[in-house]
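The values are calculated or read from the model by the stated rules, or taken from the named source; none is laboratory data. Because the structure is predicted, anything quoted here is derived from the model rather than measured. Here Cβ is always computed from backbone atoms with ideal geometry, including for glycine, and neighbour counts include all displayed protein chains. With ligands, DNA and RNA removed, areas are computed over all heavy atoms of the protein, side chains included. Shrake-Rupley method; radii C 1.70, N 1.55, O 1.52, S 1.80 Å.
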Amino acid sequence: MKQLFVFRWLTWPFRYTFSKIKRKIGKLDEVRIEVFLVLSNRSQVFLKGRLVEAYTQSRPSEDKSALQNLLATIRRYSGSSVPDAGLGLQIGDQQTDLTTDSEGIFEVMMPLPDKMEEIPDKIQLSLKPEEDLQSSEPLVEKKIHFIHKTYPRAIISDIDDTIIVSKATNLGEKLWLSVSKNAYTRRPFPGVSDFYRLLSANGEYPVFYVSSSDWNLFELIRDFLRYRDIPVGPILLKDSHVNLRNIWKSGGGNHDHKLEKIRFLMEFFPEQQFLLIGDSGQHDPELYAEVIRDFPGRVEAVYIRRVGKQDPDRERELDQLLPPNKAAWVKSTQEALLHARTHLNVS
């Protein structure tokens, strides 16, 4: 997605200014509140979403042509976010105000009542009346995704070249796949659904997805998981705050944000043990090694799909950080399935 990040970064000053001018003269079209995450542990709820100009996006299908998918991609990335706008959030009896950032993103962490019977099951979001904006839905309600107990394992997985064929090491192929395909025509690696269902006890254990893709691809990734029968779970993507220094690195910038997202999950669920899945095409092995060092005893195992040539020196670090047979470097999902059945407590 590097080229799309470039496009979004280069057009940001114009989109930001245009949105502010349209609001000032009362020409901003109907807006839409999009909620990405409403995630709760025992004591807090974390909310993340964005405010964008409402637009109509055709539903993906296997029959869409490359041109139709290209036009849908352009529409997805050229849409105007709504910066510096006020929203009201209500969770049970608690109310708070939120303000969107320069990319229209908003997020908040709120405490929950001590008594479980007083914890609400949903949040409500609305535009502040003084914003003088019209929303496609005056009141947006979303259920809270509660994870209130410790499971035998939870999974944190990368997306590109881990579950979905992305050709991340070949920019030309990656761009073509990104713009010419949709959620129904992007290809998963063979066996991914079976592998993730095995590890997650058929979706009973939590699965979190962390990627260097940005929030414009949230719906595509969610629809892809559903269509391919891969366990759906919270998706944590990259805010589109990139700069010229790192924009040309693989994946549209550096991958520190992935490390931050994984640390957030480890800290948000402090008693939970995790299994990490990624690929060797970018920086997953190095990031996962840092997580293991920072959170000793919290990582059950690591699966890395080999992309490109094998690098023994690179692989040795993970092998030394984990017990024997807990760092698996695999060429295929079938190899990972066999390893999991042999070395992990799965059935």
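Quick notes on this structure:
- In the stretch 293-314, the residues that are open to solvent by 20 Å² or more (accessible area, probe 1.4 Å), touching a strand residue (DSSP E or B) at 6+ places or on another chain (Cβ under 8 Å) and either over 22 Å from Thr333 (Cα atoms) or not charged (D, E, K, R) (or both): Arg298, Val307, Gln310
- Those strands (runs of 3 or more DSSP E) of the stretch 1-116 in which 3 or more residues are closer than 30 Å to Tyr227 by Cβ and modelled with pLDDT of 95 or more occupy 31-40, 44-53.
- Every pair of residues 6+ apart whose Cβ atoms lie under 6 Å, when the first sits in the stretch 214-236 and is under 16 Å from Gly49 (Cα atoms) while the second is of a type in the set (S, T, N, Q): Asp214/Ser240
- Neighbours by Cβ (under 7 Å, 6+ apart or cross-chain): first from the stretch 181-198, hydrophobic (A, V, I, L, M, F, W, C); second open to solvent by 40 Å² or more (accessible area, probe 1.4 Å) and at pLDDT below 95: Ala183/Tyr227
- Scanning the stretch 315-337 for residues that are open to solvent by less than 40 Å² (accessible area, probe 1.4 Å) and among the charged types (D, E, K, R) turns up just one, Glu315.
- Filter result (over 13 Å from the mean Cα position of the chain (by Cα) and crowded, with 22+ Cβ neighbours inside 10 Å) within the stretch 207-241: Ile230
- Restricting attention to the stretch 93-106, the residues that are within 14 Å of Gly49 (Cβ to Cβ) and open to solvent by 100 Å² or more (accessible area, probe 1.4 Å) add up to 0.
- One residue from Leu177, Leu133 being surrounded by 15 or more Cβ atoms within 10 Å (Cβ to Cβ), part of a loop (DSSP other than H, G, I, E, B) and either in contact with a Lys or Arg (Cβ under 9 Å, 6 or more places away or on another chain) or at pLDDT 80 or above (or both): Leu133
- Residue within the stretch 150-162 that is at pLDDT 90 or above, of a type in the set (Asp, Glu) and surrounded by 14 or more Cβ atoms within 10 Å (Cβ to Cβ) present: yes
- For the stretch 298-347, the set of residues classified as part of a helix (DSSP H, G or I), among the basic types (Lys, Arg) and closer than 16 Å to Asp194 by Cβ consists of Arg341 only.
- Within the stretch 315-347, being over 15 Å from Ile292 (Cα atoms) and among the basic types (Lys, Arg) holds for Lys331, Arg341.
- The lone criterion from (1) of a type outside the set (Gly, Ala, Ser); (2) surrounded by fewer than 17 Cβ atoms within 10 Å (Cβ to Cβ); (3) at pLDDT below 95 left unmet by Asn202 is number (3).
- If you filter the stretch 136-149 down to residues that are touching a residue at least 24 places away in the same chain (Cβ under 8 Å) and not in a loop (DSSP other than H, G, I, E, B), you find that the one that is least open to solvent (accessible area, probe 1.4 Å) is Val140.
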